[in-house]
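Here the structure comes first, spelled out in structure tokens, and everything after it is commentary.
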Amino acid sequence: RVPDFDLPPNVQVMVAEGGPWSLVKPDNLAREREEIRAWTKKLGHKVWLWTYPHKFGRTAIPNVPCMGPHAWGRYYAELSDDIFGTFAESECDKSIYNHLNYYVFSRVMWRTKTDIQAVIDEYHDLMYGPAAADMKAFNELLETKWTREVTGRIEDTAVGPVAKPPSSYQLWHEVYSPETLAALRGHLRDAVKKVAPGSLEMRRIALMKREFFDPLVADAKDYLDKTDVKKALERRAARPNTSILPEMDAKNRWGGTKYEIDTKNFVTPPNSVSFTSKKTEGLRTNVPAMKPNTRYRLSYFIKTEGIEPQMMYGGGGGASLNIWDDRNHWWPSGNPFTGTMDWIYQEFEFTSGPLTNNHDPEKGKTNNSYLMMHMLYCSGKVWFDDVRLEEIE
């Protein structure tokens, strides 16, 4: 906050703001600019910034490119009359994801009136020659996906901007959908046709394909295979059902929340269990048969309808499942499920803690293990079916 007293002239002020990823949120962007300009007015001179154009919190998704050269350039250029510099905190899983962001950033910070689009065009011309237009289209699609559909979903909180990212289902079904991946593949294919075999431009296209595109394709295929209901039923049928949590009998086993036994909407007969939440709800069952220091496989089917986070919890509210042995295990461990999705399969492995169903001397009581199906800080409806917890021999 800007103080109501005067500051001495030898004090420099750094203002912390969201940075380039705020460009797609007009309200956030306007607030950031108002704060910066309030400080410059108070001081009578420019300030510098601490900004956050990085893969942070729930947007730190491996192998998802944080391409954003237009955003990096525009954000800082448009503030050039109010700032004399910035620290851009830009952690990332692959340094190459930031190479074009940094190039544009460096040019703009050296000369604030730089023509950003001209710089980006020049980069593509020098890097890819006759394939410049195709590689530019490739990078622009990556930037649109990142800035608008991954990190562009920002919620302003009391502790600053917090990402409200897509769930894993939304990431691979909607953001990097088969159609999106096909479009990216098409740009690369067209680019290759326009350069000479073995040329420097050809090798650069191959580099970008290997670093930016191939990991996306591999992760999308891995996710879709692992969550496919038909394939999951085939895998389950091939191994004995040694479940220590049998087919759910909601009447006897589940409580704490108003639920419905759905005999029309299920994966495995005869039913599923569903419940609706306006903020936080859960269904819980004890798992007394769990043993300490033992490997387990948790698997279940889940479906959602209109799940909307109501507040930011661990990066975003939504539907999930957790097991307590002597500590909490959450699945999925990343972003919880939001929005609407049809039935998918989930499977995870973990090792129970040493105090599972044993006396905990620090707490002075016994750890009673349990499984909880959750909707945390969100509204909407969720279905769970055929939840199994199996000991792995």
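The values are calculated or read from the model by the stated rules, or taken from the named source; none is laboratory data. It should be emphasised that the depicted structure is a prediction, and the values quoted were computed from it without experimental measurement. Every residue, glycine among them, receives a Cβ derived from its backbone with ideal geometry; neighbour counts consider all protein chains shown. Calculation scope for accessible area: heavy atoms of the full protein, side chains included, ligands and nucleic acids excluded. Shrake-Rupley method; radii C 1.70, N 1.55, O 1.52, S 1.80 Å.
Would you mention how many residues in the stretch 316-334 are surrounded by fewer than 24 Cβ atoms within 10 Å (Cβ to Cβ) and either without any contact (Cβ under 8 Å) to a residue 12 or more places away in the chain or in a loop (DSSP other than H, G, I, E, B) (or both)?
Number of matching residues: 7.
Mind checking which residues of the stretch 28-44 are touching a strand residue (DSSP E or B) at 6+ places or on another chain (Cβ under 8 Å) and over 16 Å from A77 (Cβ atoms)?
Once the filter is applied, which keeps residues that are touching a strand residue (DSSP E or B) at 6+ places or on another chain (Cβ under 8 Å) and over 16 Å from A77 (Cβ atoms), the stretch 28-44 yields N28, R31, E35, W39, T40.
Which residues, counting only those in the stretch 168-220, are of a type outside the set (G, A, S), under 30 Å from N335 (Cα atoms) and out of contact with any helix residue (DSSP H, G or I) (no Cβ under 9 Å at 6 or more places or on another chain)?
Correct list: E179, R210, D214, P215.
Is it the case that the stretch 113-136 has a residue that's of a type outside the set (G, A, S), at pLDDT below 95 and out of contact with any Lys or Arg (no Cβ under 7 Å at 6 or more places or on another chain)?
Scanning the stretch 113-136, I find at least one residue that is of a type outside the set (G, A, S), at pLDDT below 95 and out of contact with any Lys or Arg (no Cβ under 7 Å at 6 or more places or on another chain), so the answer is yes.
Any residue in the stretch 174-190 that is under 26 Å from T338 (Cβ atoms), charged (D, E, K, R) and modelled with pLDDT under 95?
yes
Within the stretch 80-92, can one find any residue that is open to solvent by less than 20 Å² (accessible area, probe 1.4 Å), touching a Leu at 6+ places or on another chain (Cβ under 6 Å), over 30 Å from S168 (Cβ atoms) and of a type in the set (V, I, T)?
yes
Which one is nearest to G18 (Cα to Cα) among residues in the stretch 32-58 that are open to solvent by less than 60 Å² (accessible area, probe 1.4 Å) and basic (K, R)?
Applying the filter and picking the extreme gives R33.
What residue, of L376, L355, is within 16 Å of N286 (Cα to Cα) and not aromatic (F, W, Y)?
L355
Mind checking which residues of the stretch 175-217 are in contact (Cβ under 8 Å) with a residue 40 or more places away in the chain and under 15 Å from I61 (Cβ atoms)?
Of everything in the stretch 175-217, those that are in contact (Cβ under 8 Å) with a residue 40 or more places away in the chain and under 15 Å from I61 (Cβ atoms) turn out to be Y176, F212, P215, L216.
Can you tell me which residues in the stretch 258-270 are in a loop (DSSP other than H, G, I, E, B) and in contact (Cβ under 8 Å) with a residue 12 or more places away in the chain?
Result: K258, N265, F266, V267, T268.
Looking only at residues that are modelled with pLDDT of 95 or more, in contact with a Phe, Trp or Tyr (Cβ under 8 Å, 6 or more places away or on another chain) and assigned to a loop (DSSP other than H, G, I, E, B) in the stretch 194-251, which one is surrounded by the most Cβ atoms within 10 Å (Cβ to Cβ)?
Only one residue tops the list, namely V195.
Show the residue pairs meeting these rules: Cβ distance below 6 Å; 6+ apart or different chains; first residue within the stretch 85-103 and in a helix (DSSP H, G or I); second residue of a type outside the set (D, E, K, R).
Y97/P65; Y97/C66; N98/S90; N98/C92; L100/P69; N101/G68; N101/P69; N101/W72
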